[in-house]
Amino acid sequence: MFSLSPRLAAVARMIPRGAALADIGSDHAYLPIYMISHEAVASAIASDISAPCVARAKDNAGRYGVADRISFRCADGLSGIRPDECDTVVIAGMGGETMGAILEAAPWALEKRLILQPASRAPFLRRWLYAHGCAVAEETAVRDSGRLYPVLAAAKGEPPRGELFEYASPALLSHADDPDVRAYLERTAALLEKEVGRDHRALTAALRDAAKG
């Protein structure tokens, strides 16, 4: 059995044991294959908008002997999945705006556990979640192939107040002793300093203070 990349391993750790999993934008379906092979989830759906990706996912699952235990869907976002088929939704490797659009089109998903790994525009995604009555229950940052990625789990709950939490949720700040989280906070502060048209000095100072622990 293969090992998951650091990014997908962080996603896997947030999936509750015995979950009914829907992996959106599954691509090679490595995450569902891994979770089913390790008996970590009760069921798994691998969905992708690309028919060639779905075909490749089926081949991969067959190679590891779990093709008959994963449901494969070719669909845009969550459009091919019924609300009663899953209790945990994973969307990994897309931009934050794309993730927001996928969830906007399937409001029922906000009643599920959402495990999200934005490749870009993470502040937009956190802001979108807060605006739709969700809180970030868990969040970490992980380094994969030289890049830092946030990985978060969200669900219905009381959103935090304050601009700082769009850039780092309270859950992420609680792990500021982790080297990757510290590096992520520092990188976020550095990117904010480069933005023009707004004064981010208070925000960058707060992020750097959090990174110092």
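The values are calculated or read from the model by the stated rules, or taken from the named source; none is laboratory data. For clarity, every value in this text was computed on a predicted model and none was experimentally measured. With ideal geometry, Cβ positions are generated from the backbone for all residues, glycine too; neighbour counts draw on all protein chains shown.
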Discussion item. Considering only residues that are part of a loop (DSSP other than H, G, I, E, B) and either touching a His at 6+ places or on another chain (Cβ under 7 Å) or under 14 Å from GLY93 (Cα atoms) (or both), which ones fall in region 5-48?
Written reply: SER5, GLY25, SER26, ASP27, HIS28, ALA29
Worksheet item: Quick check, is SER71 part of a strand (DSSP E or B) and over 17 Å from the mean Cα position of the chain (by Cα)?
Response: yes
Item to complete: Go through region 62-116 and count every residue that is closer than 18 Å to ALA135 by Cα and hydroxyl-bearing (Ser, Thr, Tyr).
Response: 1
Worksheet item: Do any helices (runs of 4 or more DSSP H) entirely within region 123-213 hold 2 or more residues that are modelled with pLDDT under 95, and if so, which?
Response: 179-194, 201-212
Worksheet item: Do any residues in region 114-139 that are touching a residue at least 12 places away in the same chain (Cβ under 8 Å) have Cβ atoms under 6 Å from those of residues that are of a type in the set (Asp, Glu), where the two are at least six apart or on different chains, and which pairs are they?
Response: ARG121/GLU97; PRO123/GLU166; PHE124/GLU97; ARG126/GLU166; ARG127/GLU166; ALA135/GLU158
Worksheet item: Which is modelled with pLDDT of 95 or more, surrounded by fewer than 21 Cβ atoms within 10 Å (Cβ to Cβ) and either touching a strand residue (DSSP E or B) at 6+ places or on another chain (Cβ under 7 Å) or among the charged types (D, E, K, R) (or both), of ALA20, ALA106?
Response: ALA20
Fill in: Matching entry among PRO6, PRO32, PRO52 (being in contact (Cβ under 8 Å) with a residue 60 or more places away in the chain and closer than 27 Å to GLY100 by Cβ)
PRO6
